[in-house]
Amino acid sequence: AWLPPEAFRALGSRRVLVHGDGMLVDTVLDEVARACARYGGRMWHSPSWDVDVDLVLALRGTDELPSATVQAARAAGEAALAQAGDNAVLGAEGFVLARAGDVTAVLADAPAGLLYGLFHLVRLGAAAFDTTRPAEQHRPALRRRMLNHWDNVAVHPVMGQVERGYAGGSIFWRNGRPRGDLARIREYARLLAACGINAISVNNVNVGRTEARLLTDRLGDVAEIADVLRPYGIRVHLSVTFAAPVVLGGLPNADPVDEAVRAWWAVTTRQVYERIPDFGGYVVKADSEGQPGPFTYGRDHADGANLLADALAPHGGVVHWRAFVYNHHQDWRDRSTDRARAAYDHFVPLDGRFRDNVVLQVKFGPVDFQVREPVSPVLAAMPATRLAVEVQVTQEYTGQQRHVCHLGPWWSEVLRFAPWGPGGRTVADVAAGEAGEGGGLVAVANVGDDLFWTGHPLAQANLYTVGRLAWDPQLDPRAVLDEWIALTFPQSAMADPELVGRTLHEIMDDSWRTYERYTAPLGVGFMVHPGDHYGPDVDGYEYTRWGTYHFADRDGVGVDRSRASGTGFAGQYPPYWAQVYESPERCPDELLLFFHHVPYGHVLHDGSTVIQHIYDTHFAGVEEVAVMRGRWRTLKGLIDPAVYERVEQRLDEQARSATEWRDQTNTYFFRKSGVPDAHGRRIY
Ligand code: GCU
């Protein structure tokens, strides 16, 4: 992945001084020592004498200064901070990088900052030692940068070891037991720290019987993982079932106002902290898709979330309470219920009632991780609640790691979206919170026990990117992809690094839009095969209970979510977007069918009609995949043959699947509308 030994060459061939103490400083020492052993450099740890070095990594603390070298480095760092007019607080994870004469200095207030500084140096490579390099400061924009693993401990009869997992088995669990490959988990922790992730939940949000016990008699399994992740600054969280007091505690109910229930959570949580002192907290999917929740007892989600929050508060933990709540037993005949409305309708009335240590975790869009959706209106409607934004790195709806679909540009668009109107606060601002107290970014993980971690080797870039965007949502996704390419395919190990880098960009930069082109059009969503969600099935969900319909008939297609004539969902947005989305004329093309049911002849902003757009994009998408495949073939012999072959196989499948999407979608709409393709291309 993105930390091959080569990535440490620039650092490892230099003379490095590390100053400071603590578990994460030990991690830094270990990383530097290994790099130096490999590439001929040298390392000192807090020497009290002066040494000639190229690099200093030091904690800023007020302890006695050990050497003139460290003093000089510190002075440079402090000068850089002063020059930036900063208040000179780097915080728990920030760092400054400056030059002191011939020395590169990285300073941090806390050990985690030093670790992130180290990985920044790795990213920079030789450039970190440029004599003219200006000073830079880095602090994460979002405090919690989290992965949710949807890993089951016991193999689920339908979902398998990992729900929506496309990279083999779990790296944590196998057949009901811990997998026990702690070395692999350690490698994983390094990768995550290197892209900025600092929290992981280790089991599925759908909590089965075996998984429930991770909270009590199987807690040791979790503690073992926590021990491995801790040196990389990553805290462990656990998905718990709301019914735990019943299924684990033998109580007659799990009612949040019942004293015995409250006491059970308090005691159980205390025991968790006795075993895992830095435990992060709970993740809860309640009253959603069959999971138990407070509704059973006539209570609401604030009562439910606060119950767990109160148990966690004495220990500094948080509860991530998911807002993914909707009626999954809808009658398709019922046009008044709109799944898109559900999270807002359930949660917005509760704003202000959640404890401070509740984070409401909101899927970025109102439906379900589609390739295109508007941003969830919940994110603009709960000013008194800590909100986290949830995205899906595992590619459930974006090609399942068989298709190249680089999601960086999509997440970047979401994080930069301004829900109150252009120029206003962004989704990233909401996730950061006014005073840095926001809920952060949460991503459903895409890693498994696969040799390449993510099934599709290029899907690694999605994981890397989500961490980097959580650290800094302003980063240009192309620049992040550059980082990933440079680390993963190091220059010094490539025959033609320039060609490799350019080709990967050409294949990946626009691959999300390519995927969008050959799948469901204009924001309408779904049209996937029910159950496994792979491949096209235009009417697959049309007459089901899941609330995901497109309403195509002979005249038109799309969901009327306007206030004037539809479900009223458009009215859940602040005025600027409510007006834009309300109007079929003003609504952005890419979301037209999410908000409106329009005739096939409706003219888009680009002058095309809806039906012609469907044909054009589906033909174009398949052609783009063919081009991707051709480009990949130019890399044969230039990169690791195993990576080459895996990607080549996946591109073959992507080409097959994209063709199927094109032909089924085009044929479906041709048969519905009777409108021929203006260019006379083959439709079946
Ligand atoms: C999707 C997905 C489920 C998952 C759910 C969730 O609907 O298909 O497998 O459980 O999201 O986010 O909880």
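The values are calculated or read from the model by the stated rules, or taken from the named source; none is laboratory data. All figures in this text were calculated on a predicted structure; none of them were measured in a lab. Cβ coordinates were reconstructed from backbone atoms using ideal geometry, including for glycine residues, and neighbour counts include every protein chain displayed.
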Going by what's in this entry, would residue 388 be described as more than 13 Å from the ligand (Cβ to nearest atom), outside the structural domain of residue 650 (by TED's automatic domain parsing) and either of a type in the set (S, T, N, Q) or touching a residue at least 60 places away in the same chain (Cβ under 8 Å) (or both)?
yes
So, in region 625-655, exactly how many residues are surrounded by fewer than 13 Cβ atoms within 10 Å (Cβ to Cβ), part of a helix (DSSP H, G or I) and among the basic types (Lys, Arg)?
1
I need the full set of residues from region 186-225 which are among the aliphatic types (A, V, I, L, M), assigned to a helix (DSSP H, G or I), more than 17 Å from the chain's Cα centre (by Cα) and surrounded by 22 or more Cβ atoms within 10 Å (Cβ to Cβ), in order please.
214, 215, 222, 225
Residue tally, condition within 22 Å of residue 408 (Cα to Cα) and touching a residue at least 60 places away in the same chain (Cβ under 8 Å), over region 493-507
5
How many residues of region 469-485 are of a type outside the set (A, V, I, L, M), closer than 18 Å to residue 4 by Cβ and crowded, with 22+ Cβ neighbours inside 10 Å? The answer is 1
Can residue 10 be described as under 15 Å from residue 106 (Cβ atoms) and either in the same structural domain as residue 463 (by TED's automatic domain parsing) or of a type in the set (Gly, Ala, Ser) (or both)?
yes
Given the structure, is residue 206 touching a residue at least 12 places away in the same chain (Cβ under 8 Å) and within 16 Å of the ligand (Cβ to nearest atom)?
yes
State all residues of region 352-379 that are more than 18 Å from the chain's Cα centre (by Cα) and closer than 26 Å to residue 310 by Cα; if no residue qualifies, say none.
352, 353, 354, 355, 356, 357, 358, 378
Given the criteria within 16 Å of the ligand (Cβ to nearest atom) and within 22 Å of residue 443 (Cα to Cα), does residue 330 qualify?
no
Please go through region 444-492 and give me each residue that is within 16 Å of the ligand (Cβ to nearest atom) and farther than 26 Å from residue 416 by Cα, ordered by number.
448
Selection status of residue 88, outside any loop (DSSP other than H, G, I, E, B), more than 26 Å from the chain's Cα centre (by Cα) and more than 27 Å from residue 415 (Cα to Cα)
no
Taking region 93-115, which residues are out of contact with any Gly (no Cβ under 7 Å at 6 or more places or on another chain) and either over 13 Å from residue 17 (Cβ atoms) or surrounded by fewer than 24 Cβ atoms within 10 Å (Cβ to Cβ) (or both)?
99, 100, 101, 102, 103, 110
Any idea which of (1) on the phi > 0 side of the Ramachandran plot; (2) buried (at least 16 other Cβ atoms within 10 Å of the Cβ); (3) within 16 Å of the ligand (Cβ to nearest atom) is the one residue 125 doesn't satisfy?
(3)
Looking at region 345-360, is at least one residue surrounded by fewer than 22 Cβ atoms within 10 Å (Cβ to Cβ), within 15 Å of the ligand (Cβ to nearest atom) and on the phi < 0 side of the Ramachandran plot?
yes
Condition first: part of a strand (DSSP E or B) and closer than 30 Å to residue 560 by Cβ. Can you find one or more residues in region 300-321 that meet it?
no
Which members of region 343-358 meet the condition of being of a type outside the set (Phe, Trp, Tyr), in contact (Cβ under 8 Å) with a residue 40 or more places away in the chain and within 24 Å of residue 397 (Cβ to Cβ)?
346
Condition check for residue 552: crowded, with 21+ Cβ neighbours inside 10 Å, under 28 Å from the mean Cα position of the chain (by Cα) and within 30 Å of residue 288 (Cβ to Cβ)
no
Considering only region 148-176, state which residues are assigned to a strand (DSSP E or B), over 18 Å from residue 219 (Cα atoms) and away from the ligand (no atom under 14 Å from the Cβ).
155
